[in-house]
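In what follows, a structure is listed as structure tokens, so that the remarks can point back to it.
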Amino acid sequence: MTTLSEHWLVPEIERLARSGPDRIEGLLQALRAAAPEVHCELVLMALDNGNLSQEEAADRLGTDEVTVAIRLELFRQSHSESNSQTIVQDKNQVARIANKHVAVWEIVREFRRAGSVGAMRDSFPSLTELELRTALAYAGRHPDEIAGQIAEYESLLERSRSLYPFAK
């Protein structure tokens, strides 16, 4: 039996999608029919990653954009709450990804620059997509805490730049 944990499967599915779009479309239709909840989750993931617009997601799910927004929020909550142990507070009360030592505010700052989880994957190669999403969900529940930490960092950065204008 083949599982997705096999390293070769996902790249081959991607290659099939490029080389035989009609064949992959048949597989996707079968997936929609056999597991509509999985199809819905894939659409919400694509929306959350910036690979689909809300309008496109609504079209693929056969619903309206308001319903998609509600489903997306529920999707984000279910993925962040089930993984809340991923976020820990360090001795300075800074929220971090457990066992990775990356601060949530750093992830949020990069997300603002990159615009999507998918676009910021290169910035945090040691973190999984789920860890990144969990950090963003945490930030959504603690906006003042994260905004304060970002402001503190940017203030420090600005002071350093004024002291050392030729440093990069």
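The values are calculated or read from the model by the stated rules, or taken from the named source; none is laboratory data. All values reported here derive from a predicted model rather than from experimental measurement. Ideal geometry is used to build each Cβ from the backbone, glycine not excepted, and the neighbour counts take in all protein chains shown.
Put simply, of E131, E106, E56 the only residue that is of a type in the set (D, E, K, R) and surrounded by fewer than 17 Cβ atoms within 10 Å (Cβ to Cβ) is E56.
Only residues in the range 147-166 that are closer than 16 Å to R112 by Cβ count as the first member; pair them with residues that are of a type in the set (F, W, Y) and assigned to a helix (DSSP H, G or I), Cβ under 7 angstrom, at least 6 apart or cross-chain, and list the lot. Taking only residues 6 or more apart or on different chains, the pairs are Q149/W105; I150/W105; Y153/W105.
In this structure, does V108 turn out to be under 28 Å from L27 (Cβ atoms) and not in a loop (DSSP other than H, G, I, E, B)? For V108, the condition - under 28 Å from L27 (Cβ atoms) and not in a loop (DSSP other than H, G, I, E, B) - is not met.
Within the range 7-53, the set of residues being in a loop (DSSP other than H, G, I, E, B) and either surrounded by 10 or more Cβ atoms within 10 Å (Cβ to Cβ) or in contact (Cβ under 8 Å) with a residue 40 or more places away in the chain (or both) comprises G20, A35, N49, G50, N51, L52, S53.
Specify the residue that is farthest from the chain's Cα centre (by Cα); the eligible residues are those in the range 17-53 that are basic (K, R) and more than 18 Å from T63 (Cα to Cα). That would be R23.
Residue by residue through the range 87-105, note down the ones that are hydrophobic (A, V, I, L, M, F, W, C), over 16 Å from I150 (Cβ atoms) and in a loop (DSSP other than H, G, I, E, B).
Residue satisfying the conditions is A98 alone.
Annotation: of all residues in the range 123-168 being over 19 Å from I97 (Cβ atoms) and not in a helix (DSSP H, G or I), the one that is modelled with the lowest pLDDT is K168.
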